[in-house]
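To start, the structure itself, in structure tokens.
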Amino acid sequence: MASKKSDRISWRGDVTKPLRLRLRGLGLTLPPLVWLTLLMTIPCLTLVALAMATRGQYGDVIWQFTGNNFRRLIGYSFFGWSADNFYVLFRSLWMAAITTIICVALAYPLTFHVVTRPPRTRVFWLILIIIPFWTNVVVRTYAWLLVLGPNLPPARLAAFFGLIPEGAALYPGQFAVYLGMVSTFLPFMALPLYASVERLNWDLLEAARDLYASRFQVFTKAILPQTKPGLAVGIIVTFVPAMAMFVVTDILGGAKFMLIGNLIQQQFTQARNWPYGAALSLALMVMTLISMAIFRRRSGLRNLS
Amino acid sequence: MTSQIDFVDRGLLVREVSKNFGPTAVLNVVNLDVRQGEFFTLLGPSGCGKTTLLRIIAGLELPDTGKVFLDGQDITPLPASKRQINTVFQSYALFPHLNTYENVAFGLKARRFSHQDVAERVGRYLEMLSLGDLEKRYPHQLSGGQKQRVALARALVNEPQILLLDEPMSALDAHLRARVQADLRRLQRELGTTFIMVTHDQEEAMMISDHLAVMNDGQVLQIGPPRDVYTKPTNQFVAEFLGATNILSAVRHGDRVMTGLGDFMMQHPPDWVKGSLTIRPEHIEVERPDAFGANRVKAQVCETLYSGAALDLLLEPEPLPNLDPDFPIKPGQVKVRTYTHDHIDRGEYVNLYFPPSHLVALNDKPI
């Protein structure tokens, strides 16, 4: 006796119908989809539109198409061509890259230290890493101003070695900026990396050693491949916001440390030139996307992140 | 004592090695002689220290005291990467991001062998372990047995003086295990490399080894060829760990030994007065109930277990009338293994013959 083929399917221990399964999936994905459309896609498109609008005489936005913002972006102005914007962009890129590299170099020993602690003290170390998250970046950066101020031990030590004049502060300058950047972004690097290091298969380290690997080879051949997923996430969540950072450089870098973040912030505040700010923001986004694409291709992480 | 080396020419010596993890002693003054080119097994229950001893030989762990010599040279302070010793890890520890070829080539590349040398040698060892077709596969694409062969090739390709194997069969199913045991033995004989294996499986240890060391509680209890250790165990733990056995409490009177089963003659009487004897179930002979003579005990069959090749019996001996009041020894049940095809039924009475040559005196404290 031929019975009608059932339209029920088994899915992960559930017996259901395909249509119901599809509806359930849609019900769950719709809210985040709407969220992303409303709060991500539309603002981004607005930004593109804004970048092609004209600045009014009093800093208002006139919806009149112009390519002037982009011309100015690549350096053309009333006074002729200048490379200033490229310097700013390159400096931002450089700054973010150096910050990321220092964070990686510090995060590996840090996470290995935490992972090798007994479980009870491990929580303590993790909290130490997370605590900076509880304070606002601006407040934390101002705290560095106090620490690095003149006639305090760090400044005196630097003066003793002749690095800065007697009675000077350790800011503004590169040192202060990198200190502020690294202290801001180290947790972003350390936490994803910790998740990878915690699951490390230590047998592979011993196997590498047993197979005549040097200490450096143990890192490149046994540790790095295993911690790649955490490292990739860490690099992305450090590099991308570091590109756009302006608070730290503003406070610790002085006027000489103009980054793309500072430039954008200025256009939306003091300069009241929203269209040009929007064009700069687009440039930042494009630069970030290109950097990430290169990073993914170069590091063989195409199937990750 | 520590500096004295008894046998120097070729091989591995472990001298007075001790190791503590916190307050627990994992190894307690261990001595070991492994001859060049033999298959040596460290046998013992889990937690007996055998893996720690293997790791000390590999250079992955430092002993608290004691020394390890290879060909008469003290290698105790050398790290794993400086020893002519390679390890097959229990988890295999294959590099998941490298394929079979790259895994096997790892040690040679780390030592900067030329491109051709690497290719030639890796190819040879892949062929030897029939991995030629699996060169391009990654560990997650390999079966348990294949992974084990890659781990073997990865260690052997370095042509070490000693290969260490940490429970190499533990992840394989029973079917594969028997084949791999035979393969390992053949490989060892062909290469002439010293193999030191750790296992808790006494049958495996006996089948495969030239010499084995039985360990318990951080100590080596007995070392010898499997046959010697099996038939002439020196203490109760070794006797019981290597297979089913009968342990009899005993008192020696002159050259006769009194047990709960009666008086026995022994080929090698013990040198103690109170102690215990052991005899393997297959060494006790079953005779018709009317047989008569020395070393014979009448017993009733309580249980019969037929396993095809053998018939195992559990017997209750007849109680003895004249027990020494100073030393009341309760007779226990006797385990006997026969290879007879005669029917022996439950409740039947038989005579058991304990051959003097198979009664072995144990040298630990009386139970």
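The residues of chain B expose, per residue, 47 Å² of accessible area to a 1.4 Å probe. Segment A:83-303 gives an Rg/Rh value of 1.03, both radii derived from C-alpha positions and Rh following Kirkwood. Remark: mean inter-chain Cβ contacts per residue of A:210-222 equal 6, using a 10 Å Cβ-Cβ cutoff to other protein chain atoms.
Mark the label point 7 Å from the Cα of B:SER130 along Cα→Cβ and return the residues of segment B:158-179 whose backbone N is within less than 14 Å of it. Flagged as within label range: B:176-179. Bridgeable lysines around B:LYS19 (alpha carbons under 27 Å apart, same-chain partners fewer than 8 residues away excluded): B:LYS50, B:LYS67, B:LYS82, B:LYS365.
A simple charge model with +1 on the Cβ of Lys and Arg, -1 on the Cβ of Asp and Glu and nothing else charged puts the dipole of segment B:162-208 at about 240 debye relative to its Cα centre.
Here the Kirkwood formula puts the hydrodynamic radius of segment A:119-180 at 13.3 Å, using every distinct Cα pair. Summed over the residues of segment A:83-303 and divided among them, the accessible surface reaches 51 Å² per residue at a probe radius of 1.4 Å.
The label-point distance for B:ARG189 and A:ASP7, in a model that sets each label 7 Å from Cα toward Cβ, rounds to 6.8 nm. Placing a pseudo-label 7 Å from each Cα along the Cα-to-Cβ vector at A:PHE86 and A:THR29 gives an inter-label distance of 4.3 nm. Cβ-Cβ distance of B:ALA310 and B:TYR138, R₀ of 35 Å, FRET efficiency by 1/(1 + (r/R0)^6): the value works out to about 0.15.
In summary, the lysines within cross-link reach of A:LYS228, defined as a Cα separation below 28 angstrom excluding same-chain residues under 8 places away, comprise B:LYS109, B:LYS136, B:LYS147.
Here the accessible area of chain B is 50 percent carbon and sulfur, with a 1.4 angstrom probe and all protein chains present.
If R0 equals 56 Å, the separation of the Cβ atoms of A:TYR58 and A:PHE175 corresponds to a calculated FRET efficiency of about 0.85.
Averaging 1/r over every pair of different alpha carbons in segment A:1-144 and inverting the result gives a Kirkwood radius of 22.9 Å. Per the Debye formula with a single identical scatterer at each Cα and no solvent contribution, what log10 I(q)/I(0) holds for the protein assembly as shown at q = 0.06, 0.07, 0.09, 0.10 Å⁻¹? The Cα Debye sum returns log10 ratios of -0.61, -0.75, -0.99, -1.09. Separation of segment B:240-306 from segment B:23-102 is 40 Å, based on Cα centroids.
Listed by chain and number, the aspartates and glutamates whose C-alpha is less than 20 Å from the C-alpha of B:LYS232, apart from same-chain residues fewer than 8 away, are B:ASP33, B:ASP201, B:GLU203, B:GLU204, B:ASP210, B:GLU240, B:ASP255, B:ASP271, B:GLU282, B:GLU285, B:ASP364. With a Förster radius of 51 Å applied to the beta-carbon distance between A:ILE131 and A:PHE65, the computed FRET efficiency rounds to 0.55. For segment B:1-121, the spread of Cα positions along the three principal axes, ordered from largest to smallest, is 48, 33, 25 Å.
Projecting the Cα atoms of B:GLY260, A:LEU284, B:LEU94 onto the charge dipole of the protein assembly as shown, computed from C-beta unit charges around the Cα centre, puts A:LEU284 farthest toward the positive end.
Note on A:198-209: average number of Cβ atoms from other chains within 10 Å of each residue's Cβ is 5. Each 20 Å bin from zero up to the one holding the largest Cα-Cα distance in chain B carries the following percent of pairs: 25, 45, 25, 4, 0. Only protein heavy atoms count here, probed at 1.4 Å, and on that basis chains B and A bury about 1700 Å² of accessible area in total. Computed on chain A, with alpha-carbon pairs under 8 angstrom and 6+ residues apart, the relative contact order is 23 percent.
In chain A, taking the dipole from charged Cβ atoms about the Cα centre, the farthest positive-side position among A:LEU47, A:PRO225, A:TRP94 is held by A:PRO225.
Extending 7 Å from the Cα toward the beta-carbon at both B:PHE292 and B:TRP272 defines two label points whose distance is 3.6 nm.
Axis angle, to the nearest 10 degrees, between helix B:115-128 and the longest C-alpha principal axis of chain B: 30 degrees.
Working from Cα pairs under 8 Å separated by at least six residues, relative contact order for chain B is 16 percent.
The values are calculated or read from the model by the stated rules, or taken from the named source; none is laboratory data. Every value quoted in this text rests on a predicted model; they were computed, and no experiment measured them. With ideal geometry, Cβ positions are generated from the backbone for all residues, glycine too; neighbour counts draw on all protein chains shown. Heads up: the accessible areas ignore ligands, DNA and RNA and are worked out on the full protein's heavy atoms, side chains in. Shrake-Rupley method; radii C 1.70, N 1.55, O 1.52, S 1.80 Å.
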